[in-house]
Each structure stands twice: as structure tokens, then as C-alpha cells.
1. Scan segment 140-161 and tell me whether some residue there is touching a residue at least 24 places away in the same chain (Cβ under 8 Å), at positive phi and buried (at least 20 other Cβ atoms within 10 Å of the Cβ).
2. Determine if segment 290-302 includes at least one residue that is in a helix (DSSP H, G or I) and either under 16 Å from residue 371 (Cα atoms) or modelled with pLDDT of 90 or more (or both).
3. Could we say that residue 355 is within 24 Å of residue 250 (Cα to Cα) and in a strand (DSSP E or B) here?
4. Of all strands (runs of 3 or more DSSP E) completely enclosed by segment 183-231, which ones contain at least 1 residues that are of a type in the set (Asp, Glu) and in contact with a strand residue (DSSP E or B) (Cβ under 7 Å, 6 or more places away or on another chain)?
5. Give the residue, chosen from 231, 198, 143, that is among the β-branched types (Val, Ile, Thr) and modelled with pLDDT of 85 or more.
6. Within segment 245-257, does at least one residue satisfy the condition of being assigned to a loop (DSSP other than H, G, I, E, B), polar (S, T, N, Q) and on the phi < 0 side of the Ramachandran plot?
7. I'd like the residue in segment 301-325 that is under 20 Å from residue 283 (Cα atoms) and in contact (Cβ under 8 Å) with a residue 40 or more places away in the chain and, out of all such residues, is nearest to the chain's Cα centre (by Cα).
8. Would you mind telling me which numbered condition in (1) under 29 Å from residue 168 (Cα atoms); (2) in contact (Cβ under 8 Å) with a residue 40 or more places away in the chain; (3) not small (Gly, Ala, Ser) residue 255 fails?
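The values are calculated or read from the model by the stated rules, or taken from the named source; none is laboratory data. In this text, all values refer to a predicted model and were calculated from it rather than measured experimentally. Please note: Cβ atoms are built from the backbone with ideal geometry, for glycine as well, and neighbour counts cover all protein chains shown.
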Amino acid sequence: MKAFRLVAAGALIAALFVVYTSHRFGSGPAHWVNQEQLHITEAAGPQQLDPEEQNNIDVYKRVSPAVVNITSTTLQMDFFFGAVPQQGAGSGFIIDKEGHILTNYHVVQGTKAKLEVTLQNKKHFPAEIIGLDETHDLAVIKIKAPNLAPVVMGDSSHLQVGQKVYAIGNPFGMFAGTMTRGIVSSIRQVQEPNGMYIDEAIQTDAAINPGNSGGPLLNSRGEVVGINTMIASMNGGYSGIGFAIPVNAAKAVINDLVTYGRVRRPALGVRSLPIGPELAEQLGLPADYGVLIMQVVPGSAAARAGLRGGSERVYLGNIPLLVGGDLIVAIDGQSIEDSQDLAHIMDNHRAGDTVTVTIWRGQKKMDVKVTLEEAKGTASGRTA
């Protein structure tokens, strides 16, 4: 009997313990739990795409196979003169079935870089440099790969502010095939970090980040209208202001890059002096702007066209000048205010082009036809 009472007391204590702990920690009997069923609203079926969304998808599917990731590797010397590999990443796009790819000069990091191209299908191919144009920040490289799908090159001359554009590239070298959308925010001249100018650069608010350089800027038809090249940023990240080189500038030099490996930039073959109102008054010139030809290079395009240099030596302070030559005020109707204007116009022409040079010779204004020749003695072709 005593043993029975001990067993009964133990069972009672165990039961009380179970009830106490279940109540305290919220895991009691089922009637203590709120069993209300959660009701959610589900879509009836696949979402219908609006026309704009469908166009975004169509552009991406059509163009993304032509956009590539470019990895460049160069060797840098460390403090102990040891060779240390340095890698950079950017984008590019296939322009023909032979494997030519257009990108930025700064993406390939010069002629000594080892390049590798990754296609959308994740296949890797070594690439060789075909042509470089540091002035316009352009480069053409080439891979040997089958079944390539090139882009369609558009026309940037008719772009308007407010027009919709897309950017496809590989931001930060990590997110391959990323597409962003925006509009043309402005079309303006901008200065690149290397000091060169991009005429009619396309400003856009489509997100462009490091690694997007060299990728295509597309119109709503999926045609390339620009080559993404740089951003304006206070911290190196996207801030809503990106710039692209107009595709027409690239189309003007692609043949030279593929054929000669460089751009055959032209030169008039003159040494000139920029003219402002004060100097024009001192020299008695008929116009208060332009560039005064001081010397014509023998055998140059200017010499063959009959342009004249100065014949009278004068001094501006301690600086000797030759005056009396032709004063250039326009080329093909575009006003020439200074030497920079002359250089920009030369950049937009190729060797062999014929231009109309408007000059003052004494008090007579006249037009002279000049067939441009390739600039000699300079890779960049900045010689006037």
C-alpha cells in the first residue's frame, strides 16, 4: 500500500509539471492555439506584358548575345621590381561575324594587355588587338569563335533629348548581361579624363557603372547609337549622369582601325597662330577671329592647295611671329575661332577628304579646296 501511494504521488507530480511547463512556454493543448487559417490572394495566371515591357524584353533578347565581357591583364612592377598581374574589366559588342568587337581604348589598357573575351554562353576566347584610337577612346579587338550574332549599327545624328535608350554591359565585371533603361538627357561636348573631347556626346540617365565601359547604348529598336564610355560622379559610382560616344564617330574610324590599326587623321600642314580681337587690331587683320598661317609645310596639303604663310617677321613681346599669311576663318562652313576648333574639325575628317577652307588673303575673302593628307610624325594626328 505504501508503494502504491508513492507511485500515485510521483504520477501526480509529473502531471503537474507537464501542465505547468506547457502553459508557461506556449506549447499546451491544442485548444490553447489560435488556428485561424491565413488567406492570400494569388494571381489568376501568367502576367500580361504591356507593349513597353515586351519591347524591353525583345531588345534584350535580340542584342544581349552580342554583348561581351572583356578582361584585360597587364604586368606591373612592384616595389621590389617583381611583375604583378593587374586586371581590368569592361564590356564590348560584336560588330561582324568575323569576330571584330568594338570597345573603349581604356578597357584594353594599351597594346601590351592580355585580353580574354567571355560571351553570353560563358565561353572564353583569347582576343587580339586590331586597332586603337586613343583620341576617341575606341578600340577594335578580334576573337575566333563560331556562330556570332553581331549588333545592328544605328545612326546617332538624329537622336533627340527625351528619346528612350538602353544600356547593356557588365557592371563591376561581375554582373554579366545587365540591362538598364533611361533617356537621352542631353547631347553636348564633354572632355574625357585624357583631355580629349567627345563632340556630340550622348548624356543619359540609364545606369552606367564601372565595367559598363565599351558596351552599347541602344535605341528602342535595339540599334547601337552610342558606346558607353564614362560617368560623372563624386564617388566613382552611378549618379544619374553617364556619357556615350556617338556611334557615327565610331563608324567613321572603324575601317581605318581594322585596315591600318590606327586612324589616319589628317592635317593641313601649317603652323598657325590663334587670333583674337586685340591681336587682330594690332596686326590690322580684316577679321577678329580665326587662325593665322605663319608657315606652310613644304609638300603638305596646304602647300599643294596654294595656301600662304607669313613673310614678315614681327615681335609680340619677345616672341617672333611671321605675319602676312592667310587667315583661316572657317572650314566647310564651320567657324574657326582658335587652334582647338581646327583640331576638332580635323578629327572629324580622314586623310583623303577634300574640305573647303575659307580664308582672308589681305582684304579679300575667298574659298580654297584642300585635299587633306595624313598627319606626319604624330600618332594622335593633332598636327594642324
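1. Here is the first cut: in segment 140-161, the residues touching a residue at least 24 places away in the same chain (Cβ under 8 Å) are 140-145, 148-157, 159-161.
When the remaining residues are screened for being at positive phi, the result is none.
Taking every residue of segment 140-161 in turn, none turns out to be touching a residue at least 24 places away in the same chain (Cβ under 8 Å), at positive phi and buried (at least 20 other Cβ atoms within 10 Å of the Cβ).
2. In the first step, residues of segment 290-302 are kept if they are in a helix (DSSP H, G or I); the result is 301-302.
Right, trim to either under 16 Å from residue 371 (Cα atoms) or modelled with pLDDT of 90 or more (or both) and you get 301-302.
Yes: segment 290-302 contains one or more residues that are in a helix (DSSP H, G or I) and either under 16 Å from residue 371 (Cα atoms) or modelled with pLDDT of 90 or more (or both).
3. On the way: within 24 Å of residue 250 (Cα to Cα): yes; in a strand (DSSP E or B): yes.
For residue 355, the condition - within 24 Å of residue 250 (Cα to Cα) and in a strand (DSSP E or B) - is met.
4. Values: elements: 197-204, 216-218, 224-231.
Because the criterion is at least 1 residues that are of a type in the set (Asp, Glu) and in contact with a strand residue (DSSP E or B) (Cβ under 7 Å, 6 or more places away or on another chain), the strands (runs of 3 or more DSSP E) in segment 183-231 that meet it are 197-204.
5. Matching residue, one of 231, 198, 143: 143.
6. Let us first name the residues in segment 245-257 that are assigned to a loop (DSSP other than H, G, I, E, B), namely none.
No, segment 245-257 contains no residue that is assigned to a loop (DSSP other than H, G, I, E, B), polar (S, T, N, Q) and on the phi < 0 side of the Ramachandran plot.
7. So the first thing to find is which residues in segment 301-325 are under 20 Å from residue 283 (Cα atoms), and the list is 307-325.
Still in the running and in contact (Cβ under 8 Å) with a residue 40 or more places away in the chain: 307-308, 321, 323.
Working: 307: 38, 308: 40, 321: 41, 323: 42 Å.
Looking at residues that are under 20 Å from residue 283 (Cα atoms) and in contact (Cβ under 8 Å) with a residue 40 or more places away in the chain, I get 307.
8. Of the numbered conditions (1) under 29 Å from residue 168 (Cα atoms); (2) in contact (Cβ under 8 Å) with a residue 40 or more places away in the chain; (3) not small (Gly, Ala, Ser), the odd one out for residue 255 is (2).
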